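Engineer: Below is the structure I would like to discuss, written out as structure tokens.
The values are calculated or read from the model by the stated rules, or taken from the named source; none is laboratory data. Please read these numbers as outputs of a predicted model, since none were measured by experiment. Reconstructed Cβ throughout: ideal geometry from the backbone, glycine too, with neighbour counts over all protein chains shown. Protein only, heavy atoms only, side chains kept; ligands, DNA and RNA dropped before computing areas. Shrake-Rupley method; radii C 1.70, N 1.55, O 1.52, S 1.80 Å.
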Amino acid sequence: MPGISQQHEWEQYLYQLGEIEDVESDVWESSFGLLCDLEKNPININTATREQLEQIPFLTAKDVENILEYIYRNGAMKSLGELAMIRDLDYFKRRLLFYFTFAGNVEEKRFPKLKNIMKYGKHDMTGSIKIPFYTRKGDKKGYMGYQFKHDLRYDFTYGDYVRIGFIGAQDAGEPFFSGRNNLGYDFYSFYFSLKNLGRIKTLVAGRYRVRFGMGLVVNNNYGFGKLSTLSSLGRGGSNIRVHSSRSSSNYLQGLATTVNVAKNFDISGFVSYRKFDATLNKEDNTIATILSSGYHRTETEMSKKNNSSHFTSGLNAEYRIGGGYVGITGLYVSLDKMLRPKTDAAYRKIYAHGKDFYNIGIHYGYTGHRLSVSGETASGGCNAIATINTLSYSLAENLDIMALQRFYSYNYYSLLSESFSEGGSVQNESGVYVGVNWKPFQGLNVMAYSDFAYFAWPKYQAGNSSRAFDNLVQTVYTKDKWTFTARYRLKFRERDNESKTSLIFKNEHRGRMSAAYNDGIWNGKTQVDIAYTQYKRKSMGWMISQTVGLKLKKRFNAIATFGYFDTDDYDSRVYAYERGMLYSFSFPAYYGNGIRMAMYGCSDFSEKITIIAKIGMTKYFDRDKIGSGYQEIDGSMMSDLELQLRLRI
């Protein structure tokens, strides 16, 4: 089983496959949470089912079939080193699987007895706090709480069979054990999960996330962007899992289950009731906007906390035969108040509206030796259609091509949908995406895509029908202890001109080059990022960053990061990955002129105790104030300390 001191070393994979749109979306956080769960509760690859392997988002449908076929033909793996025998599974994926799977004993699958669960179950407790060495304007007057961000989480697990846990989380500025938060934390999540209980594949109570098919009807579970879609060759999947993130939005609350009713035939159902934050229309108390920030620092923000609710129920049935499958999903959502968004701007006129919503979708797919297809088509009470379809083909063992088509009518909406898109929602978009994943020789991986999208209805900052054209090429070369990466992205998207009389293209160029070294003890990475945009005005930016790390006997890990950035404005902002605390990701954006420094240290004092600390500092040379409004800092430097304690029993 993976060692206890890994500390999310797979985060670099996310960063490598991430783009600006991904890092800034809620879906990125839920995907990160999924991988955190998988790392903490790795899958026994020798007894893994197709559904379990499909939880690993970077595996293609073909990868899943190849792993299952290898074990069927050759028996249980003695070690994960045998993954090298699966020729189609590249080095990068084999390396990542070490974090989320293990080669364990093959035992008869039988739900454990209660006394064994209580005796051998694992307790995992983690507490985190972030201490700022600066004061924001709201800390002096405006915020109702103190300036420390902290959380507490507890997990009890017994293999893949039982999981019970809770999370309490507090953002800086929110009241703690006072006011409306008189029970302590501003946000709590409780969950209980059983798996492989007879015909019950999954049973979850409390707070959870679901995804069925390609996400056109319901998906608040996980999803990535265009480059990672190419990595997984557009594979869909159905999954129910607990909500173990500190995110206070985009989850369901109640019961969910998947039951195997006959051979190759599963039925899933869920029911949920939860409150959520919303901005209400003053004139009639209807819902203007559903909020997802989760902040309750000021009186105004607190007044919106849990002021609305929805009842949600859904059903999914899926049948598999050979390499094919077909499924149907139904969703019903009822709000306690009418959803009536403001329609003063043209792009808002197509937003979801009403009180009761339903959607129905059919998803389908086939995985063969070379050819894989998947897709979903959905409609609902909106009386409009959305469809997405993918096709991938292996031209050779080292060359995969993929095509993805989507059509989301501007009248289509589902309150819980999330799928592949350029515009950020399953609505008002049609397009074609073509990608290539090529491994010309061992150690070299070339990925490239082109994506064209058309928006029939006006979008934000585009008063008429508009277009977008996105292109990217990335090469990764691994040789012994070295990894070299080069990436270039060119994107055009139509926006309003300055007088808003016509559309002009916003041109965006982004490049990245990096060299990384890792010998198991020392590791380091040098990276250069460049950004250039042209829209109304030109904007140029760049950043050079250096990371050096030391790892001793799997007990101590230290990392130092330094970066210098210089950008004209926010349009040419750059991102740099930093190692963060457990269960949190850190891909901060930088713009302006300044430096960033951080020191990270992790020590496993024993198999039961881990302490992590990180201190970071950002110094700006082009301003004497940072931020605006209540977030404004009177000074040109901001620094903070993060601490985390983890206990395992």
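Engineer: What are the GluC sites (Glu not before Pro) within the range 238-337 that DSSP puts in a loop, where the Cβ has at most 15 other Cβ atoms within 10 Å? If you can, show how the numbers build up before the last one.
Structural biologist: Details: sites: E283, E299, E301, E318; in loops: E283.
When the GluC sites (Glu not before Pro) of the range 238-337 are filtered for loop state and at most 15 Cβ neighbours within 10 Å, E283 remain.
Engineer: Please say if the range 128-216 is rounded, prolate or oblate, where rounded means a/c under 1.5 for a ≥ b ≥ c the square roots of the C-alpha gyration tensor eigenvalues, and otherwise the choice is prolate for a/b larger than b/c and oblate otherwise?
Structural biologist: Values: a/c = 3.01, a/b = 2.46, b/c = 1.23.
In terms of gyration-tensor shape, prolate.
Engineer: Working out 0.36 nm times the residue gap between K140 and M637, then minus their Cα-Cα distance, what length gain in nm do you get to one decimal?
Structural biologist: On the way: separation 497, 0.36 × 497 = 178.92 nm, distance 1.80 nm.
Between K140 and M637, full extension yields 177.1 nm more.
Engineer: Report ³J(HN,Hα) in whole Hz for each residue of the range 87-93, in order, from the Karplus equation J = 6.51 cos²θ - 1.76 cosθ + 1.60 where θ = phi - 60°; Gly and Pro get x.
Structural biologist: Running phi through 6.51 cos²θ - 1.76 cosθ + 1.60 with θ = phi - 60° gives 4, 6, 8, 6, 4, 4, 5 Hz.
Engineer: Under a Cβ-only charge scheme (Lys and Arg +1, Asp and Glu -1), can you give me the dipole magnitude of the chain about the Cα centre, in debye to the nearest 20? Can you show the working numbers first?
Structural biologist: Working: 82 positive and 66 negative charges, 206 e Å.
Charge dipole, the chain, about its Cα centre: 980 debye, nearest 20.
Engineer: Given charges of +1 on the Cβ of Lys and Arg and -1 on the Cβ of Asp and Glu, with all other atoms neutral, how large is the dipole of the range 503-649 about its Cα centre, in debye to the nearest 20?
Structural biologist: The calculated dipole for the range 503-649 is roughly 540 debye.
Engineer: Please list the three semi-axes, largest first and in whole Å, of the ellipsoid equivalent to the range 245-369, using sqrt of 5 times the eigenvalues of its alpha carbon gyration tensor.
Structural biologist: Details: eigenvalues 257, 60, 36 Å².
Those come to 36, 17, 13 Å.
Engineer: With every protein chain present, what accessible area does L89 have (1.4 Å probe, heavy atoms only), rounded to the nearest 10 Å²?
Structural biologist: Solvent-accessible area, nearest 10 Å²: 0 Å².
Engineer: Per 5 Å bin, what percent of the C-alpha pairs of the range 504-649 does each bin hold, from zero upward?
Structural biologist: With a bin width of 5 Å, the distribution comes to 2, 9, 16, 17, 17, 14, 10, 7, 4, 2, 1, 0.
Engineer: Over the Cα atoms of the range 144-275, what Rg and Dmax result, in angstrom?
Structural biologist: Rg then Dmax for the range 144-275, in Å: 17.3, 56.
Engineer: Need one number: nm distance between label points at L647 and V446, each 7 Å from Cα along Cα→Cβ, rounded to one decimal.
Structural biologist: 5.5 nm
Engineer: Report the extension gain between L371 and Q534 in nm, rounded to one decimal, defined as 0.36 nm multiplied by the number of residues separating them, less their alpha carbon distance. Don't skip to the end; give the middle numbers.
Structural biologist: Details: separation 163, 0.36 × 163 = 58.68 nm, distance 4.04 nm.
Using 0.36 nm per residue and subtracting the Cα-Cα distance, I get 54.6 nm.
Engineer: If DNA, RNA and ligands are ignored and the probe is 1.4 Å, what is the ranking of H123, H353 by accessible area, most exposed first?
Structural biologist: Largest to smallest exposure gives the sequence H353, H123.
Engineer: How are the Cα pair distances of the range 297-440 distributed, in percent, across 5 Å bins from 0?
Structural biologist: Answer for the range 297-440: a P(r) of 2, 8, 14, 16, 16, 14, 11, 8, 6, 4, 2, 1, 0 percent.
Engineer: A further question on this structure: Going by Cα centres, the range 164-206 and the range 613-649 are how many Å apart?
Structural biologist: 28 Å
Engineer: Treating cross-link reach as a plain straight distance, find the lysines whose alpha-carbon is under 19 Å from the alpha-carbon of K201, omitting any fewer than eight places away in the same chain.
Structural biologist: K109, K113, K263
Engineer: Considering only L230, A560, C382, whose Cα is most displaced toward the positive end of the charge dipole of the chain, charges sitting on Cβ of Lys, Arg (+1) and Asp, Glu (-1)?
Structural biologist: It is A560, whose Cα lies furthest towards the positive end.
Engineer: Hey, another quick one. Relative contact order of the chain: what whole-number percent is it, with Cα pairs under 8 angstrom and at least 6 residues apart?
Structural biologist: Numbers: 1651 pairs, mean separation 67.7, N = 649.
Normalised by residue count, the contact order of the chain is 10 percent.
Engineer: Let me ask you something else. Run the helix sum for the chain: -39,500 (n - 2.57) per DSSP H stretch of 4+ residues, divided by residue count, reported at 222 nm to the nearest 500 deg cm²/dmol.
Structural biologist: Numbers: 10 runs with 76 residues, N = 649.
So the calculated ellipticity at 222 nm is -3000 deg cm²/dmol.
Engineer: Given the C-alpha atoms of the chain, compute the convex hull and give its volume per residue in Å³. Show your work: numbers first, answer last.
Structural biologist: On the way: hull volume 99.3 nm³, N = 649.
Per-residue hull volume (Cα only) is 153 Å³.
Engineer: Tell me, rounded to the nearest percent, the portion of alpha carbon pairs in the range 160-205 spaced more than 15 Å apart.
Structural biologist: Values: 569 of 1035 pairs.
So the pairs more than 15 Å apart make up 55 percent of the total in the range 160-205.
Engineer: Would you please give the residues with an amide H less than 5 Å from that of N593, counting only those at least 5 places away or on a separate chain, with H modeled from the backbone geometry?
Structural biologist: Sorted by chain and number, the residues that satisfy this are T567, F621, D622.
Engineer: Leaving ligands, DNA and RNA out of it, work out the accessible area of D634 with a 1.4 Å probe and give it in Å² to the nearest 10.
Structural biologist: The accessible area comes out at roughly 120 Å².
Engineer: Here is a further query. Using θ = phi - 60° and the Karplus curve 6.51 cos²θ - 1.76 cosθ + 1.60, what whole-Hz ³J(HN,Hα) does each residue of the range 355-368 get, with Gly and Pro shown as x?
Structural biologist: Each residue of the range 355-368 in turn: 10, 10, 9, 9, 9, 9, x, 10, 10, 7, x, 8, 10, x Hz.
Engineer: Here is a follow-up. Which cross-chain or sequence-distant (5 or more) residues have an amide H under 5 Å from the amide H of N44, H modelled 1.01 Å from N in plane?
Structural biologist: F102
Engineer: Would you mind working out the accessible area per residue for the chain, using a 1.4 Å probe, and quoting it in Å²? Can you show the working numbers first?
Structural biologist: Details: 28990 Å² over 649 residues.
Result: 45 Å² of accessible area for each residue.
Engineer: Can you list residues from other chains, or at least 5 along the same chain, whose modelled amide H is less than 5 Å from the amide H of S636?
Structural biologist: Counting only residues 5 or more places away or on other chains, the set is empty.
Engineer: Using θ = phi - 60° and the Karplus curve 6.51 cos²θ - 1.76 cosθ + 1.60, what whole-Hz ³J(HN,Hα) does each residue of the range 427-433 get, with Gly and Pro shown as x?
Structural biologist: Computed from phi, the couplings for the range 427-433 are 5, 6, 7, 9, x, 9, 10 Hz.
Engineer: Right, here's the next one. Can you give the convex hull volume per residue for the Cα atoms of the range 553-626, as a whole number of Å³? Please report the intermediate quantities before stating the final value.
Structural biologist: Details: hull volume 7.1 nm³, N = 74.
That works out to 95 Å³ per residue.
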